[in-house]
Each structure stands twice: as C-alpha cells, then as structure tokens.
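*Asks:* Okay, here's the structure, questions in a sec.
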Amino acid sequence: MPAPATEYKQERVLYVGCEGESTEPDYLDYLVKRFGSGERTGQPFRIVPVYKANGLLPEQVVEAVRRYAATDETWALFDRDEHTRIPQAVEDAATDGTEICFSHPSFDLWLLLHFQAYGGRQSGKSTDVVNKLRTADPAFRRFDKKNDKSIQGARRTALHGKTKAAIAHAKSLVSQCEHGACKAGQHKAAPVDRTSPHNPDHLPQSPRKWSARSGHAPDCKVLDRDPSTDVWRLLVSLGIEHDDD
C-alpha cells in the first residue's frame, strides 16, 4: 500500500503504478529526490508509487493506481515482457485518462538509454538490453544478478547528467518505428484533468488514440513498438527535459 500523499501549496502529486517492486519505485524515488523540489522544473512534485511484492501484471498496474489515486493524476509503468493482456491495460487506461509509460521489452531499456542509443527488435526479451546495461557503467555491472535490480547508491549517481541524452534516445526510437508515421514531436505531455467535465481530451478515449499520446501513430499497434519506451514522457511532463548536469 502506498504512503498517503501530503499536498503542499502548488505541489503536483502523481500516483504512478509500477509493474515491478524494485527498479521502477527506486527510479521514481530518485526523480523526486533529485528534481522534486521544483528548483529546476519550476513546480515541486511528489510521486506516490503504487506496487506490490512480486510485481503486478499490466492490467493490474492500471487497476491498482486508479484505486489508490481516486481523482488524482495517474500514470502506469509496465513492460512488454511476455504479457498477454497489454491491449486490455491500454484500454482500461484510456477510459479515465491514466497516462501510459509502456516499455518494450522492459524498463531496463530506459536505463540503458541514459548511456547509449539502442535499436533492433527484441521480441519481448531483455537479455541483450541487460547485457549492454551491465557494461555501460561499472555501477550496473551486477544489475539483475541475484535479483538485484535496485536503483540505489552508485547506480543513481551513474544516471546523473544523462537524463537529456536518455530522452533524446527514447524519442529517436519513436521516430525510427517501423510503422513509418510515428514521430516523437507528435507526443502529448500535458497531464489530463480527469475531474473536469470540460476536459478537452474528451474522456474516455479510444485505446488507439490514447496510446498515440507517445507520438506513435494511432494505427501503430502497441505490441509492434519494438524497441521503445515511453518513460521519457513522464520526465517531459514534469519539466525535467532540460537536465544536463
């Protein structure tokens, strides 16, 4: 169960559902500690991660974050891996405006993009991504060995100053999508007001239109976006894009 969110004046509170129980929550905590004061982003923010031991399936990620957040802003982080109900998770998210951060093959790709560009179909397998991440920086040498997928200590330090590069690499994957009509410049980063009856996004939306907020074409199937990761959208939404220290 997530800790209750304490709202401060002008503080933005996001509930973020996580498929994993370690890597994603750790990374979100890193974002809050490094950027949450608002000194760089222009607005302080707090992220409340929603996860459970042994992880959640994609459709469970969406269900859990909506349940805990009530009417607050919601995001869902989940991976391709070998899950079979990802289209259902996207459809569920589209009904109430839960933003999607889908990674194909996994969130580990987002970490790797901090250090290098990447490409080539992975078909839901993270073996190559993890192997390259282990050699990208000494801090990640033992990543995913003995179930250690944490983002703490030296691994956080290794990510410093590489956010801008990671975003650029992730955007490039959108524009390089085999579909041919996907462009990162078409993405939508502004959060949806899920409580307003005059919402310009007209919730609920079709799953195709909702998943296109990442810049992919509406008729580009989510499962065909290989490789890709939408985590960059969360950082752009928070105003972290210009981090270059």
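*Asks:* Where does the charge balance sit around H216 when Lys and Arg score +1, Asp and Glu -1, over other residues with C-beta under 13 Å from its C-beta?
*Replies:* On the way: positive: K171, K183, K188, R208, K209, R213, K221, R225, R233; negative: E178, D219, D224, D226, D230.
Here the charged neighbours net out to +4.
*Asks:* What length, rounded to one decimal in nm, is gained on full extension from D219 through to E21, with 0.36 nm per residue of separation minus their alpha-carbon distance? Each step should come with its number before you reach the end.
*Replies:* On the way: separation 198, 0.36 × 198 = 71.28 nm, distance 3.19 nm.
Between D219 and E21, full extension yields 68.1 nm more.
*Asks:* Report the extension gain between K164 and N131 in nm, rounded to one decimal, defined as 0.36 nm multiplied by the number of residues separating them, less their alpha carbon distance. Don't jump to the answer; show the numbers that get you there.
*Replies:* Numbers: separation 33, 0.36 × 33 = 11.88 nm, distance 2.26 nm.
Here the answer is 9.6 nm.
*Asks:* Given a 1.4 Å probe, how much area per residue of the chain is accessible, in Å²?
*Replies:* Solvent-accessible surface per residue comes out at 46 Å².
*Asks:* Let me ask another. Could you give me the percent of Cα pairs per 10 Å distance bin for region 1-106, shortest bin first, beginning at zero and ending with the bin that holds the maximum distance?
*Replies:* So the P(r) values, bin by bin, are 16, 48, 30, 7, 0.
*Asks:* Search the structure for amide H atoms under 5 Å from the amide H of E73, placed 1.01 Å from N in the peptide plane, and list their residues when 5 or more places away or on another chain.
*Replies:* So E73 has HN proximity to Y15.
*Asks:* Give the lysines whose C-alpha is closer than 24 Å to that of K188, dropping any in the same chain fewer than 8 places away, or say none.
*Replies:* Filter leaves K162, K164, K171, K209, K221.
*Asks:* With unit charges on the beta carbons (Lys and Arg positive, Asp and Glu negative) and the dipole taken about the Cα centre of the chain, which residue among G215, A170, C18 sits farthest to the positive side?
*Replies:* With unit charges placed on the Cβ atoms, the residue in question is A170.
*Asks:* Name every cysteine in the chain that ends up alone, with no second cysteine's Cβ under 4.7 Å, or say none.
*Replies:* C18, C101, C220
*Asks:* If you don't mind, another one. Quick check: at a probe of 1.4 Å, how many percent of the accessible area of the chain sits on carbon and sulfur atoms? Working shown, then result.
*Replies:* Numbers: 5370 of 11250 Å².
Roughly 48 percent of what the probe reaches on the chain is carbon or sulfur.
*Asks:* Largest first, please: the extent of the C-alpha atoms of region 84-195 along each principal axis, to the nearest Å.
*Replies:* 43, 30, 30
*Asks:* Sticking with this one: Over the chain, what number does the Rg to Rh ratio reach, with both radii from the alpha-carbon atoms and Rh per Kirkwood?
*Replies:* When Rh is taken as the Kirkwood radius, the ratio is 0.93.
*Asks:* Using the alpha carbon gyration tensor of region 44-136, what are the three equivalent-ellipsoid semi-axes (square root of 5 times each eigenvalue), largest first, in whole Å? Walk me through the numbers before you get to the answer.
*Replies:* Values: eigenvalues 135, 49, 27 Å².
Three semi-axes, in Å: 26, 16, 12.
*Asks:* Now a separate question. 5 Å is the cut-off here: which amide hydrogens, built 1.01 Å from N in the peptide plane, fall below it relative to R12, excluding neighbours closer than 5 in sequence?
*Replies:* Under 5 Å from the amide H of R12: F45, R46.
*Asks:* Follow-up. Report, for the chain, the % of DSSP beta bridges that are antiparallel, rounded to 5.
*Replies:* Details: 3 of 19 bridges.
Restricted to the chain, the bridges split so that about 15 percent are antiparallel.
*Asks:* A follow-up question, please. So how much slack lies between K52 and R121, counting 0.36 nm per residue of separation and subtracting their Cα-Cα distance, in nm? Walk me through the numbers before you get to the answer.
*Replies:* Details: separation 69, 0.36 × 69 = 24.84 nm, distance 2.98 nm.
Contour length minus Cα-Cα distance gives 21.9 nm.
*Asks:* Run the paramagnetic zone check for E11: 7 angstrom along Cα to Cβ, then residues of region 31-52 with backbone nitrogen under 17 Å.
*Replies:* Once the point is set 7 Å along Cα→Cβ of E11, 31-50 turn out to lie under 17 Å by backbone N, inside region 31-52.
The values are calculated or read from the model by the stated rules, or taken from the named source; none is laboratory data. Treat the numbers as computed from the prediction; the structure is a model and nothing was measured. Because the Cβ atoms are built from the backbone with ideal geometry, glycine has one as well, and the counts that use them run over all protein chains shown. Surface accessibility is based on the protein's heavy atoms, side chains included, excluding ligands, DNA and RNA. Shrake-Rupley method; radii C 1.70, N 1.55, O 1.52, S 1.80 Å.
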